[in-house]
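Each remark here refers to the structure printed beneath this line.
The values are calculated or read from the model by the stated rules, or taken from the named source; none is laboratory data. Keep in mind that this is a model prediction, so the values were computed, not measured. Neighbour counts are summed over all protein chains in view; Cβ atoms, including those assigned to glycine, are modelled from backbone coordinates with ideal geometry. Keep in mind that these areas ignore ligands, DNA and RNA; they rest on the heavy atoms of the full protein, side chains included. Shrake-Rupley method; radii C 1.70, N 1.55, O 1.52, S 1.80 Å.
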Amino acid sequence: MQRMWRTEFVSTIGAAFLACALGCSASGTTPNGAGGGGAGGAGGAGGDPLFDGGMQTDGGKDCNERAKLVYLLAQENALYSFSPPTLTFKKIGVLSCPATQGASPFSMAIDRDATAYVLYDDGHLFRVSTEDASCESTSFVPKTGAFGRFGMGFSTDGADATKETLYVADFGGSGLGRIDPATMELETLGFYDAIFDSAELSGTGDGHLWGFFTTSPPIVAELDPKTSHVISQAPQPTLDIGTAWAFAFWGGDFYLFTCPGVASRIDRHRPKDGTTVNLKSNIGFTVVGAGVSTCAPLEPPK
């Protein structure tokens, strides 16, 4: 869930977001190994769950291990898996989706089968394998105006449900919609009643939906998936999104990817105590998309 800044969008948001040069990911102010983990393979190959971290997740018993990881898209179109417990990345491959010439990945969501849904900035939506980064087109018809571009994320349809919904957040800040993966039809759900700004989305396996908004300061907010009502807000005054933003809920925490400099950094926001801490200040590449499925754990692995 994330994207790259485009010049026309920067002009609408204002000069406050121009501090970081174009080229990172999506937004422009901030809101949930050491060493640099760069694009050349930031570590943790190996076949054990969560990159040999010695930890098993506790949720999603109907899910494979790939569906319990976070996935990232780099600026050079490379797809990575990310293990939050070990803060390591594994390069999967490079996307070659049949998008319009010059188009770039803009946002990403992951379903319970560990399939990635990747939106390009030309409005086309693709399915991407998290095994080898292979890509296939969908029948989704790009929109003009509202929902021409959007953040997105899956959330289950209830606390004990395995059925899930793909939610989308209009890039213009107007509100939420949802896309039926079977028909690729988009249905609008309603306008926000607060925080009228762009958001990336991350859902959970117990039916919650969260947005990472490009306000100043950025905000992590819980959203009602039925009404777009803003349930709670957690401002992130210590962060600077710069030119890119993305986030994912995993193990009870939010992992926030921002780009205030030449490469993305990772911060962790912990809702239980309201803290936000930096985990890596430079991961070695620029994150332009992030996604996590509803199979991800709701609590830290034991």
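Brief remarks on what is shown
- Amide H contacts of G190 (H built 1.01 Å from N, under 5 Å, at least 5 apart or other chain): L176
- A simple spin-label model places the labels of N64 and D224 3.8 nm from each other, with each point 7 Å out along Cα-to-Cβ.
- Of the peptides 276-289, 158-171, 191-204, the order by per-residue mean of other Cβ atoms within 10 Å, starting with the highest, comes out as 191-204, 276-289, 158-171.
- FRET E, pair A161, S137, Förster distance 35 Å, beta-carbon r, rounded to 0.05: 0.75
- Here K90 is the anchor, and the lysines within straight C-alpha reach of less than 17 Å, apart from those fewer than 8 places off in the same chain, are K68, K280.
- Two-decimal Rg to Rh for region 149-190 - Kirkwood Rh, Cα set: 0.99
- Accessible surface, per residue, of region 103-224 when the full set of protein chains is kept, probe 1.4 Å, Å²: 34
- Once the Kirkwood radius over Cα pairs is known for region 196-302, the Stokes-Einstein relation at 37 °C and 0.692 mPa s delivers a diffusion coefficient of 235 µm²/s.
- The phi-based Karplus calculation (6.51 cos²θ - 1.76 cosθ + 1.60; θ = phi - 60°) puts the 3J(HN,Hα) values of region 129-146 at 6, 8, 8, 9, 6, 5, 10, 9, 6, 10, 8, 4, 9, x, 9, 10, x, 4 Hz, whole numbers, x for Gly and Pro.
- Base-10 log of normalised Debye intensity for region 80-142 (one unit scatterer per alpha-carbon) at q = 0.15, 0.16, 0.28 Å⁻¹: -0.47, -0.53, -1.27
- Relative counts (whole %) of C-alpha pair distances in region 231-285, using bins that are 5 Å wide: 5, 20, 31, 26, 12, 5, 1, 0
- For region 108-266, projected area of the alpha-carbon convex hull averaged over all directions, nm²: 9.5
- Distant-in-sequence amide H partners of I110 (H built 1.01 Å from N, under 5 Å): Y117, F154, V292
- Listed values for region 291-302 are Karplus-derived 3J(HN,Hα) couplings in whole Hz (6.51 cos²θ - 1.76 cosθ + 1.60, θ = phi - 60°), namely x, 8, 8, 6, 7, 4, x, 8, 10, x, x, 9, and x replaces Gly and Pro.
- With both labels modelled 7 Å from their Cα along Cα-to-Cβ, the A146 to E185 distance reads 1.7 nm.
- Percent accessible area from carbon and sulfur atoms, region 109-159, protein chains only, probe 1.4 Å: 44
- Couplings 3J(HN,Hα) of region 80-88, computed from phi: 10, 9, 10, 9, x, x, 9, 6, 10 Hz, in residue order, whole Hz [Karplus 6.51 cos²θ - 1.76 cosθ + 1.60, θ = phi - 60°; x for Gly and Pro].
- What the pair-distance distribution of region 88-191 shows, using all Cα-Cα distances binned every 5 Å from zero, is 2, 12, 22, 25, 19, 12, 6, 1, 0 percent.
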